[in-house]
Amino acid sequence: MRHIQRMRAIAIELGLVLLEATIDDSSQVYAAAQSLLPRVEAFVITSDNTTVNNLDALIDFAKEHQTPVFAGDVDSVRLGAVAAFGMDYFLVGYAAGRKAGLILQGVKPVDIPWGPLANFSFVINRQTAREQGLNIDPRMLKIADEVLDSDSDIRDGLSAMPGARGEPGAKDMAS
């Protein structure tokens, strides 16, 4: 809930109106989008599993109504959101693996630093942006950690993920 409180505060700072829809289960995603549509210019979802479990319904609705969807996790961009500045679960796993490796090397768990994600990834899906009626500013494309631009980038999501070929990724996390 802390991230939602932060979104509310930032919306106020920017002079934006944040309209919220609460759902109890993923079958309500489409109806929630319908209820907001006349009053919103974009949909923003957090990395909430309830919504993400029926993300395809929201993505289909967004395409139909030319209303962009922004997400709180980069995996949702591979599933059809326009962009996300947030967690990359691959990098979360990578950081956990590094910590496990330290333990296997004999480092005591108490001596391994812990904390929240040190860095987030910024991922843009240009194809989805076009499908949802949004033009992406070229300056945003230049600062993105990853830009998906074709069906193959999305279908082959694993090969497009930072670190999938053994590198730690564009934005590494604290060890």
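Once the C-beta distance of R6 and Q66 is scaled by a Förster radius of 41 Å, the resulting FRET efficiency is 0.90 to the nearest 0.05. Residues of segment 4-49: accessible area per residue at 1.4 Å, in Å²? Averaged over the residues of segment 4-49, the accessible area is 72 Å².
A dipole drawn for segment 24-87 from +1 and -1 charges on Cβ atoms has a positive end, and of T46, P68, L36 the residue lying farthest that way is P68.
For segment 1-102, GluC sites (Glu not before Pro) are listed when DSSP marks them as loop and at most 11 other Cβ atoms sit within 10 Å of their Cβ; the list is E20, E41.
Centre-to-centre, using Cα atoms only, segment 100-142 and segment 45-92 are separated by 15 Å.
Full extension of the chain between A42 and D25 gives 4.0 nm of extra length, using 0.36 nm per residue less the Cα-Cα distance. Element breakdown for segment 1-84 at a 1.4 angstrom probe: carbon and sulfur atoms account for 51% of the accessible area. When a/c reaches 1.5 or more, the comparison of a/b and b/c decides; with that in mind, is segment 28-128 rounded, prolate or oblate per its Cα gyration tensor? The shape class here is prolate. With bins 5 Å wide beginning at 0, the percent of Cα pairs of segment 2-45 falling in each bin runs 5, 19, 27, 23, 18, 6, 1. Computed over segment 1-137, relative contact order equals 21 percent, with contacts defined as Cα pairs under 8 Å that lie 6+ residues apart.
The values are calculated or read from the model by the stated rules, or taken from the named source; none is laboratory data. It should be emphasised that the depicted structure is a prediction, and the values quoted were computed from it without experimental measurement. Please note: Cβ atoms are built from the backbone with ideal geometry, for glycine as well, and neighbour counts cover all protein chains shown. Heavy atoms of the whole protein, side chains included, go into the accessibility calculation; ligands, DNA and RNA do not. Shrake-Rupley method; radii C 1.70, N 1.55, O 1.52, S 1.80 Å.
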